Amino acid sequence: MTLHKEVSAVTDRIIERSRPERTAYLALIDREREAGSLRPNLGCANLAHGYAGTEEDRDALKDNRAVNIGIVTAYNDMLSAHATYYRYPEQMKVWAREVGATAQVAGGVPAMCDGVTQGYAGMELSLFSRDQIAMSTAIALSHGMFEGTALLGICDKIVPGLLMGALRFGHLPAILIPGGPMPSGIPNKQKAHVRELYAEGKVDRDALLEAEIGAYHSKGTCTFYGTANSNQMMMEMMGLHMPSAAFVNPGTKLRQALTRAAVHRLAEIGWDGEDYRPLGRCVDEKAIVNAAVGLLASGGSTNHLIHLPAIAATAGITIDWEDFDRLSRVVPLIARVYPNGAADVNGFEDAGGMAFVIRELLSAGLIHRDLLTVSTGDMAAYAEKPQLDGDALVWRDPGPSGDETILAPADKPFSPEGGFRILKGNIGRACIKVSAVERERWTIEAPARVFADQASVQEAFKAGELDRDVVVVVRFQGPRANGMPELHKLTPTLGVLQNRGYKVALVTDGRMSGASGKVPCAIHVSPEALGGGPIGKIQDGDLIRVDAVTGELQAMVDEHEWASRPQAEAPAPVEGMGRELFALMRATANEAERGGSAMLAAMRA
């Protein structure tokens, strides 16, 4: 199938825009490659330190006769998704020996759970934890002991951070190894309904806790289609997993077989393997476009409008929101997974999963086939689902959709467009996700009520002050103000107001959760309020227009009055929960469209 002309045009735009920095990046990884593997050149004392922690593999390491795989792990047992990794390193060492390779845990990275910190002070560390993870990955790989990299991570900032760090060692091959989603608990709509009842005071805390535990009940990734599962989708779309590894449940024979296959494959594509595939060559402009198309076609998390530009930047590639907007107008929505539908990711997988999505997008000419993937083939390999045939792992065509209320063919989509829009106006530049928003709510015009934090919104709601048509404005939530925490606690509150029949929208320079859905939200407003962004000029009662049809984000205020208005005073910086340790990152972070990153701002300065 010929590549769609708009996908081709956007790709060409990215290639041309990125040419200087991509050229410099490729020169960097070529120099690293030409310098040779560092391990044989290390001094004897250096090597002795590197070998001291292992006995069974020491002779193989001394003889330098095998690929040594560096495992970078985000294991902890406070995140359900990452608790699955507990036994992975010792298993991976056994599987590496099966093919004459070795493996060592190169290092661990922090992995915080946004689900635990939502609405509390710790959430202000979340976005910048991605930079910390990237830097921790670099520290792990800086020992020069490895010819390939296995990245163990799943959730929100962890996959982007691991990939960003590994890309600065882009001469090394790398495979991301997921752990899979937990089995389904109570339906997500039931959980959301209980949350809304609690917000209205109609059920107590015990009832809410029971509903939440019913949803998040065991090891594995949360089953709604938020940022964590959108991460897994993107890694498939970029060819960085073993094909269709994303959504196989933990503790199954198939899950184990896929992890074993990833270790074996790393030995083949490693530095001295038979099919060398460096990460920095796999992650090119086409791979980034594929990830963006997959995000749009599946209704994925808005957080990746920050993360994908950041990942791309570490590989010398620049993608912006205009690229997403243009792609969204030609990419059909072919998946409905909660919060964009009733099914969870297990239902999505049963209906055909990523293999079905990729096959449909390939057949419609909407993604690039000719990627250098970590598999033995190109992207066509990712259009097949894995199965066990006895003890053998095989991949087969997924067949037709197992449930067309969850997965639709590309020629009969749920929507002809991907559900993302860029908004512009005198308030600034913002994103809006409309794939789960009813069409009649794509345009909201209502008076503003302005807040400086989400707790104040909840207090006003409880006091009945928001029972009207309203555009809730929450500012001083950007990267430089407080680290850009998600405002997920507002989802039930705004949903209740909408259910009561009011016209409701959110405008914020902060983030919403990857699980946000039915309420129109203009998010990531740039420039942010801290530092002079015009969102800081909005006053209570201003008529605000949020229009995903025309792409407007406008304060309906006289032009001369708007120009002369002063900025609102920023809240005083806060301490506690370690937030003061991240002051340097807040002070130097770049804007959301460029990744919301202090590390990238410094790299590109």
| said: Explain nothing, just compute: Karplus ³J(HN,Hα) = 6.51 cos²θ - 1.76 cosθ + 1.60, θ = phi - 60°, for every residue of segment 107-116 in order, whole Hz, x for Gly and Pro. | reply: x, x, 10, x, 8, 8, 9, 4, x, 7
| Loop-only check: which GluC sites (Glu not before Pro) in segment 532-599 are DSSP coil with at most 15 other Cβ within 10 angstrom? | 569, 575
| said: What is the sum of charges, Lys and Arg at +1 and Asp and Glu at -1, for the other residues whose Cβ falls under 11 Å from the Cβ of residue 268? | reply: -1
| query | Along the charge dipole of the chain, Cβ charges K/R +1 and D/E -1, which of 60, 235, 254 sits furthest on the positive end? | reply | 60
| request: Lys and Arg at +1, Asp and Glu at -1: add these up for the other residues within a Cβ distance under 11 Å of residue 247 and post the number. | output: -2
| Helix 304-314 versus the longest principal axis of the chain: what is the Cα-based angle in degrees, 0 to 90, to the nearest 10? | 40
| query | Normalised by the number of residues in the chain, what is the relative contact order in percent for Cα pairs under 8 Å and 6+ residues apart? | reply | 15
| task | Rank 154, 455, 107 by how far each Cα sits towards the positive end of the charge dipole of the chain (+1 on Lys, Arg Cβ; -1 on Asp, Glu Cβ) and give me just the farthest. | result | 107
| Unit charges on C-beta of K, R, D, E only; dipole of segment 518-605, Debye | 420
| task | Taking every Cα atom in segment 305-454, find the radius of gyration and the maximum pairwise distance Dmax, and write them in Å. | result | 18.7, 64
| remark: In whole angstrom, largest first, the equivalent ellipsoid semi-axes that the Cα gyration tensor gives for segment 107-203 are 35, 16, 8
| In Hz, Karplus ³J(HN,Hα) per residue of segment 47-52 (6.51, -1.76, 1.60; θ = phi - 60°; x = Gly, Pro) | 5, 4, 4, x, 9, 5
| Quick one: what do you get for segment 1-82 if you divide its Cα Rg by 2.2 N^0.38 Å? | 1.81
| said: Below 13 angstrom from the Cβ of residue 188, what's the summed charge of the other residues (Lys, Arg +1; Asp, Glu -1)? | reply: +2
| field | Relative exposure of 375, 298, 8, judged by other C-beta atoms within 10 Å (fewest first) | value | 8, 375, 298
| Charge-dipole axis of the chain as Lys and Arg at +1 and Asp and Glu at -1 on Cβ define it, positive-most pick from 330, 504, 176 | 176
| Quotient of C-alpha Rg and 2.2 N^0.38 Å, computed over segment 420-571 | 0.93
| Using θ = phi - 60° and Karplus 6.51 cos²θ - 1.76 cosθ + 1.60, couplings along segment 175-188 (whole Hz; Gly, Pro as x) | 10, 8, 10, x, x, x, x, 5, x, 5, x, 5, x, 4
| message | Ignoring everything except DSSP H segments at least 4 long, calculate the 222 nm mean residue ellipticity for the chain; use -39,500 (n - 2.57) per segment, divide by total residues, nearest 500. | response | -11500 deg cm²/dmol
| query | If you rank 373, 550 by fewest surrounding Cβ atoms within 10 Å, what's the result? | reply | 550, 373
| note | For 128, 348, ascending order of other Cβ atoms within 10 Å (fewest first) is 128, 348
| Which percent of the Cα-Cα distances in the chain go past 30 Å? | 51
| said: As an exercise, identify the GluC sites (Glu not before Pro) in segment 406-489 lying in DSSP coil whose Cβ has no more than 13 other Cβ atoms within 10 Å. | reply: 438, 465
| 0 to 90° range, to nearest 10: angle between helix 205-215 axis and the chain longest Cα axis | 40
| request: Can you check how the C-alpha radius of gyration of segment 174-295 compares to 2.2 N^0.38 Å, as a plain ratio? | output: 1.38
| said: Using the Cα centre of segment 420-571 as the reference point, and only Cβ charges (+1 on K/R, -1 on D/E), how large is the resulting charge dipole? Debye, rounded to the nearest 20. | reply: 500
| task | Give, rounded to the nearest 20 debye, the magnitude of the charge dipole that the chain has about its Cα centre when Lys and Arg contribute +1 at Cβ and Asp and Glu contribute -1 at Cβ. | result | 180
| field | Between 0 and 90°, nearest 10: helix 253-269 axis offset from the chain longest Cα axis | value | 60
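A short reminder: the numbers here are calculations on the coordinates, not readings from a lab. Computed from a predicted model, the values in this text were never measured in an experiment. A quick note on method: Cβ atoms are made from the backbone with ideal geometry, for glycine too, and the neighbour counts reach across all protein chains shown.
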